[in-house]
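Single-structure report; data block below.
The values are calculated or read from the model by the stated rules, or taken from the named source; none is laboratory data. Because the structure is predicted, anything quoted here is derived from the model rather than measured. In this analysis, Cβ positions are derived from the backbone assuming ideal geometry, glycine residues included, and neighbour counts consider all displayed protein chains. For the accessible areas, the whole protein counts, side chains as well, though only heavy atoms, and no ligand, DNA or RNA atoms are used. Shrake-Rupley method; radii C 1.70, N 1.55, O 1.52, S 1.80 Å.
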Amino acid sequence: IVILIGTAFLLSSDRARVSWKATILGFFVHTFLAFILLNASFVSDGLMMVNTIIAAIEKATGAGTQFVFGFLGGGVAPFDVTDANQMFVFAFQVLPQVLIFTVLVALFWHWRILPFFVRLMGLLLSRIFKVKGPLATAGASSLFLGMVEAPLVVRAYLSSMSTSDFFAVMTLGMSTVAGSVLVLYASVLNPVTDSAVSQIVAASLLNIIGALYISRLLEPET
């Protein structure tokens, strides 16, 4: 982290305007959040619940793809299989999961469930880091949405954003994992670890904080 901060400072567009107060605050919040995520059992249990929900969605989607696509979707093959790995078809077994999860995210957004959490997180970010509302909202929404969708949440403010804020929005989008891609990563990592989803969510939470103070180092607010 120290090397990343140093590199960002060396590559900064205006080193004289770098706010070390904001950088140090971001670093300590980053460290504190990492400590909570790694050591607080109630937080770990909450993240594992997310893992369980995603696993249930994967199982239900798997049943649907097997019904529609048969052995191509993971069902029983009508012939002898010599190598089970050859039966894995990405388009019929993984992409349907991505599609279903994308639809669910859109529904939760339409039902105003995700916007509630985005507003809450945005309020916390704006209070802690003293960033403007649109940037805080974009940062919070990047936890659930992808690089394309998150900026659209604050599209009305993009044209009036400073260069620093606009750069921070792009950095936030590239630092977190969209909900649809989260399912894709989880399906690949499930054979390795049972807590793939919770680890990716925790990493995205940490990266929201990291992206804010690293982007401010590279492109200070003027």
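The residue of segment 1-23 that is surrounded by the most Cβ atoms within 10 Å (Cβ to Cβ), among those that are polar (S, T, N, Q) and within 18 Å of Ser175 (Cα to Cα), is Thr23.
Looking only at residues in segment 202-221 that are open to solvent by 30 Å² or more (accessible area, probe 1.4 Å) and not in a helix (DSSP H, G or I), the one that is modelled with the highest pLDDT is Glu219. Within segment 51-77, residues that are of a type in the set (A, V, I, L, M) have Cβ atoms under 8 Å from residues that are open to solvent by 80 Å² or more (accessible area, probe 1.4 Å) in no pair, counting only partners at least 6 apart in sequence or on another chain. If you filter segment 24-54 down to residues that are crowded, with 17+ Cβ neighbours inside 10 Å and not hydrophobic (A, V, I, L, M, F, W, C), you find that the one that is nearest to the chain's Cα centre (by Cα) is Asn51.
Tell me, please, whether a residue that is over 30 Å from Gln93 (Cα atoms) and free of Cβ contacts under 8 Å to residues at least 40 places away in the same chain can be found in segment 172-183. No, the conditions are met nowhere in segment 172-183. Lys130 fulfils the conditions (1) on the phi < 0 side of the Ramachandran plot; (2) modelled with pLDDT under 90 except for a single criterion, (1).
Just to be sure before I move on: is Ala106 open to solvent by less than 20 Å² (accessible area, probe 1.4 Å) and among the hydrophobic types (A, V, I, L, M, F, W, C) in the structure I sent? No: the conditions fail for Ala106. Across segment 185-201, the qualifying residues are those that are open to solvent by 100 Å² or more (accessible area, probe 1.4 Å) and outside any helix (DSSP H, G or I), and the one among them that is modelled with the lowest pLDDT is Asp194. The number of residues in segment 152-171 being outside any helix (DSSP H, G or I), closer than 24 Å to Val18 by Cβ and without any contact (Cβ under 8 Å) to a residue 40 or more places away in the chain comes to 2.
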